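Notes follow once the structure below has been shown.
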């Protein structure tokens with residue numbers, strides 16, 4: 001049976017320096033691109049989570065060897081752009097990872113044999129038609145459960161056609177998968193993509209791959225040509241801002257506290273949460289800012305906030321904070337006034353229907369909300385303090401629901417029983433360890 005966590009007491013004031021786990025988005029992309037590189041790629045501070053381990057196992061099924069050391073260092077022995085061994089009867093298990101499941105399909109577009117992609121219960125409910133449709137334009141064939149879900153079967157082709165694709169949901173997963181497919185295709189594929197995280201583009205540019213990006217106000221115009229060679233990738237992976245977000249909010253909601261988080265990836269396509277929280281009155285400062293392989297890195301300093309303000313959140317910030325809205329809702333719960341968040345339907349395409357879960361958690365802690373399928377109004381209470389018992393369960397093992405509940409318990413009080421403690425293994429295995437470091 002999955003273990004639950006009991007929290008009875010609010011956290012005491014603290015002043016700490018911490019490091020969080022490596023960036024998940026970059027870790028998975030490093031694994032996939034290193035599997036196509038010619039030679040030995042090495043990463044330090046790789047996120048050793050279930051999602052990333054699933055990526056390592058996926059490329060192993062395709063004939064790519066790796067070695068994972070105890071200190072979060074990883075070596076991948078790439079065999080070149082055409083190095084995958086496409087045997088008959090291959091099955092790849094993406095487990096809980098939408099990033100892995102969608103991105104790897106872009107690399108499999110030239111498979112001569114059908115490959116079956118499966119996932120866990122949560123991933124199997126998510127929409128894979130959104131990536132099967134554009135990849136089909138290359139000449140790839142798909143068979144999906146209910147024409148939408150996993151398990152699916154992909155059948156590639158040697159005669160891949162370059163395509164034009166408009167990505168209008170702000171999905172970095174779909175955009176990246178099409179970029180990967182374009183790397184295997186003769187001719188120039190063109191992508192018009194709504195703004196979203198751009199780690200694939202930055203890593204591709206660092207590797208001098210034939211990718212070009214023109215940035216417009218709301219969309220990026222991307223072209224990608226056939227890739228013949230990828231050099232080995234040595235990468236010291238920065239800390240994940242999505243993981244850091246939980247401790248940013250814990251500090252903001254705690255009394256007389258201060259925190260410094262070291263060496264965090266502050267890629268502008270990922271810092272929507274920083275912009276939003278600053279607008280709400282949270283003190284956040286970047287220190288020791290530097291550029292590393294195209295990614296912007298900094299130490300983040302946070303101080304407690306006594307006067308939190310409500311926000312009418314600009315929708316242009318949504319894609320840069322899409323994984324952090326659950327934790328942002330907690331700040332809105334303590335803010336003075338009514339906060340409004342719109343166009344968040346994409347939240348319900350995650351590991352669980354997160355907009356519904358955000359509404360449920362706020363209801364449990366006594367905060368009035370008005371929610372629709374893609375929006376929420378939160379009526380903040382600066383004097384919010386919880387005295388009752390709260391149980392959080394049946395959330396499809398969504399790691400962010402678990403971690404948001406932990407932060408709510410530590411910062412707002414109450415007697416909490418939070419189920420599925422092991423859910424953090426998918427993205428942030430050291431979460432509770434770091435919580436305990438701060439509490440000491």
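No value in this document is a laboratory result; all are computed from the given coordinates. Fair warning: this is a prediction, and the values are worked out from it, not measured in the lab. All Cβ positions, even for glycine, are placed from backbone atoms using ideal geometry, and neighbour counts span all protein chains on display.
Taking label points 7 Å from Cα along the Cα-to-Cβ direction, residue 236 and residue 10 give a separation of 4.0 nm. How far is the Cα center of region 197-254 from the Cα center of region 411-426, in Å? Taking the Cα centre of region 411-426 as reference, the centre of region 197-254 is 30 Å away.
Here the Debye sum runs over all C-alpha atoms of region 196-262 as equal scatterers in vacuum, and log10 of I(q)/I(0) at q = 0.13, 0.20 Å⁻¹ comes out as -0.61, -0.90.
Highest mean first, the peptides 57-69, 143-155, 98-110 sorted by other C-beta atoms within 10 Å per residue fall in the order 98-110, 57-69, 143-155. Placing a label point 7 Å from the Cα of residue 381 along the Cα-to-Cβ line, the residues of region 302-343 whose backbone N sits under 12 Å from it are 333-335. Summary value for the chain: 18 percent relative contact order, contacts being C-alpha pairs under 8 angstrom separated by 6+ residues.
On C-alpha positions alone, give me the angle between the axis of helix 172-182 and the longest principal axis of the chain, in degrees, nearest 10. Tilt of helix 172-182: around 10 degrees. Packing order of peptides 336-348, 251-263, highest average first: 251-263, 336-348 (average count of other Cβ atoms within 10 Å over each peptide's residues). Rounded to 0.05, the FRET efficiency of the residue 87 and residue 306 pair, given R0 = 60 Å and the Cβ-Cβ distance, is 0.45.
The distance linking region 364-394 with region 300-334 is 15 Å (Cα centroid to Cα centroid, whole angstrom).
Length available on full extension from residue 422 to residue 127: 0.36 nm per residue minus the Cα-Cα distance, which gives 103.8 nm. Ellipticity at 222 nm from helices only: DSSP H runs of n ≥ 4 in the chain, each -39500 (n - 2.57), divided by the residue count, give -8500 deg cm²/dmol. With semi-axes defined as the square roots of five times the eigenvalues of the C-alpha gyration tensor, the equivalent ellipsoid of region 18-147 measures 25, 18, 12 Å, largest first.
Take the convex hull of the alpha carbons in region 24-236; its mean projected area over all directions comes to 10.4 nm². Computed with the Debye formula from one identical point scatterer per Cα of region 152-286, without solvent, the log10 of I(q)/I(0) at q = 0.16, 0.17, 0.19, 0.22 Å⁻¹ comes to -0.92, -0.98, -1.11, -1.30. Of the peptides 31-44, 226-239, 171-184, the order by per-residue mean of other Cβ atoms within 10 Å, starting with the highest, comes out as 171-184, 31-44, 226-239. Shown is the FRET efficiency for residue 158 and residue 218, computed with R0 = 45 Å from the Cβ-Cβ distance and rounded to the nearest 0.05: 0.80. Across every pair of non-identical alpha carbons in region 322-412, the mean reciprocal distance, once inverted, gives a Kirkwood radius of 13.1 Å. Against the chain, whose longest principal axis comes from its Cα atoms, helix 50-61 is set at around 10 degrees.
Here the calculated FRET efficiency for residue 360 and residue 389, from their Cβ-Cβ distance with R0 = 22 Å, stands at 0.90, rounded to the nearest 0.05. Extending 7 Å from Cα along the Cβ direction at residue 70 and again at residue 286 yields two label points whose distance is 3.7 nm. The alpha carbon convex hull volume per residue for region 91-148 rounds to 74 Å³.
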